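Written below as C-alpha cells is the structure these notes are about.
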Amino acid sequence: MTDMDLLNPELAARLKQRHIDVQIQDPDTVLLRNVPADRRAFNKPATNLLLARPQEGMPFLVCVDEDLEYAGGDRLLVRAFAGAQLKQGWRVLDLGHDWCRDLHQALQLALGVLGFDSRGAGSVRAAQGGRPAGPAGMLARFGTDLTRKVLDPQAEPTVGRAQAIERVVTSLSSWQARLTLVEGESGIGKTNLLHAVARKLAEHRPGSRLIMVNLGVLLAGTICDSDRENTLSMLFHEIAGDSDRLVLAMEHLETAFLHTPGGALLVEQALDDGLRFVGTAVPRSLPGAVAGILSGRLDVVRLEELDAAATSEVLNHLLGRIARHHGVRIDASIVGPAVERAASLAGCFPSKAISLLDSAAARASLLGAAEVELFHIYLAGGDLPAIDAEP
C-alpha cells in the first residue's frame, strides 16, 4: 500500500496528476511537497503543506512554508496569515479548524486555501459554517460522564464536604452563568468532590449531566497558542450544542490559561453564551490576568484538608476494595493506626492515608501474609516521604 492509497481516490488522483509528492507518516501527520499556490494571491508559486494533530480526535493544524505570504483580499486569510505563529520553518495558520478532524476534509480545506482546486478561501468559510461530524466529538474521546458514573453502587462516597458541595451546585445553578473554581492542594479531594456535585446536580436538575475533561490531557502535545485556543474553542462549541443540560467540569483549569493568551477571553465568551463550567486547580495557579478578565464571574470554593475522623470514614469505605485488589484481609481496627501514621507523611488527608494503606496491603501480599497488620503499616510508612522531606 502506498501513501496515496490512504487518501480519498478522487483527491489522490488530482494530486498525482499535479505531480505532488505525498508523505503520510501516520494518520495524524501528512506532508505534501511542492503544492501549487494561486499566483494572484500568494508571493510564490508553490509551497510545502503540513497537516498535523497532536492526538486522534483533535483538529488538524494547517502549516505552510514560513516564507509564504498572502496578498489576496479574503479577510479570513489576511487575519490567519498575519496572526500565524512561526515554528521550525512552518507558518501555522489559525483557520478556526474545530471542524477539521477528518484527514480528507483537512486536506480539502488546506488545498482550497491555496487555490489548488479553484475554490480558494470560499471553502474555508463554507467549512466554518458546519458543525463537527460524528457523535459528541471531543467529549466522547476525552470526557467522563460523572452523572452516569455515580449511578454505580460501588462509586466512592464523598465525606465531610456538604458545605462545599452546596456552594458549587448553587453557583452552577445561578441565573447568570459563572465559572466555579474548586481550589485545593493535590490529594485533598477535588475530583472526589466533583462526583458528589454530579449526584447533587442530578437531584436538583433532573436530566442534567456533568462531563469531566482533564485539560492537562486534552492540551498535551499542542504545538502553539493558536492550537490550544482552537482546541478549547472546539470543546466549548460542543458543549454549546446542549448547554441546557450539559455542565463541563475542567480538571487542571490552569492549563486553559497558561501559554494561552486568549484562554480567559474564550471562557468569558462561553459564559456570555450561557455555558456552565466548574474547574479544579491548585491554589495560586491561575495567572493574575485571568482574575481580572473574569472579575465578577468567578466563584472560588476552597477545600480544606479533611480531619482525622473524616479520613478514617473514607478509609472504612475503601477497605473492601483495597483488600480485594491485593488479596488480603484488612480489619477495620487497622484504620486508626493507619490514619495516625499517615499524619506525619507529606501530602494531604485523605490521599496520604489511602496511599499508606494501599502500600501496606501491597507489602502484606508480597510477604505472603493473609492480613494487613500493624507492622505492615509502619514498613510502608517508612517508604513514603515525610512532612520534613517536602521541599
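The values are calculated or read from the model by the stated rules, or taken from the named source; none is laboratory data. What you see is a predicted model, and the numbers here were worked out from it, not measured in a lab. Cβ placement follows ideal geometry from the backbone for every residue including glycine, while neighbour counts extend to all protein chains displayed.
What do you reckon, is Glu268 more than 13 Å from the chain's Cα centre (by Cα), modelled with pLDDT of 90 or more and under 25 Å from Ile165 (Cα atoms)? Here the answer is yes, as Glu268 does meet what is asked.
Tell me, please, whether a residue that is farther than 18 Å from Thr158 by Cβ and either out of contact with any strand residue (DSSP E or B) (no Cβ under 8 Å at 6 or more places or on another chain) or among the polar types (S, T, N, Q) (or both) can be found in region 299-306. No, region 299-306 contains no residue that is farther than 18 Å from Thr158 by Cβ and either out of contact with any strand residue (DSSP E or B) (no Cβ under 8 Å at 6 or more places or on another chain) or among the polar types (S, T, N, Q) (or both). The listed residues are Gly207, Gly241, Gly221, and the only one of them that is at pLDDT below 90, of a type outside the set (A, V, I, L, M, F, W, C) and more than 18 Å from Thr260 (Cα to Cα) turns out to be Gly241.
So if I check each of Gly288, Gly263, Gly292, Gly296, which one is more than 30 Å from Gly83 (Cα to Cα) and either modelled with pLDDT under 95 or aliphatic (A, V, I, L, M) (or both)?
Gly296
Of all residues in region 1-19, those that are among the charged types (D, E, K, R), surrounded by 10 or more Cβ atoms within 10 Å (Cβ to Cβ) and either in contact with a His (Cβ under 6 Å, 6 or more places away or on another chain) or modelled with pLDDT under 80 (or both) total 1. Regarding Pro261, is this residue surrounded by fewer than 15 Cβ atoms within 10 Å (Cβ to Cβ), in contact with a strand residue (DSSP E or B) (Cβ under 9 Å, 6 or more places away or on another chain) and not in a helix (DSSP H, G or I)? No. Take the residues in region 197-211 that are more than 15 Å from Met250 (Cα to Cα) and in contact (Cβ under 8 Å) with a residue 40 or more places away in the chain; name whichever of them is surrounded by the most Cβ atoms within 10 Å (Cβ to Cβ). If we take residues in region 197-211 being more than 15 Å from Met250 (Cα to Cα) and in contact (Cβ under 8 Å) with a residue 40 or more places away in the chain, then Leu201 is surrounded by the most Cβ atoms within 10 Å (Cβ to Cβ). In the set (1) surrounded by 22 or more Cβ atoms within 10 Å (Cβ to Cβ); (2) touching a Cys at 6+ places or on another chain (Cβ under 7 Å), Val247 fails one condition alone, (2). Taking region 320-360 as the range and being crowded, with 21+ Cβ neighbours inside 10 Å, under 17 Å from Glu156 (Cα atoms) and basic (Lys, Arg) as the test, only Lys352 passes.
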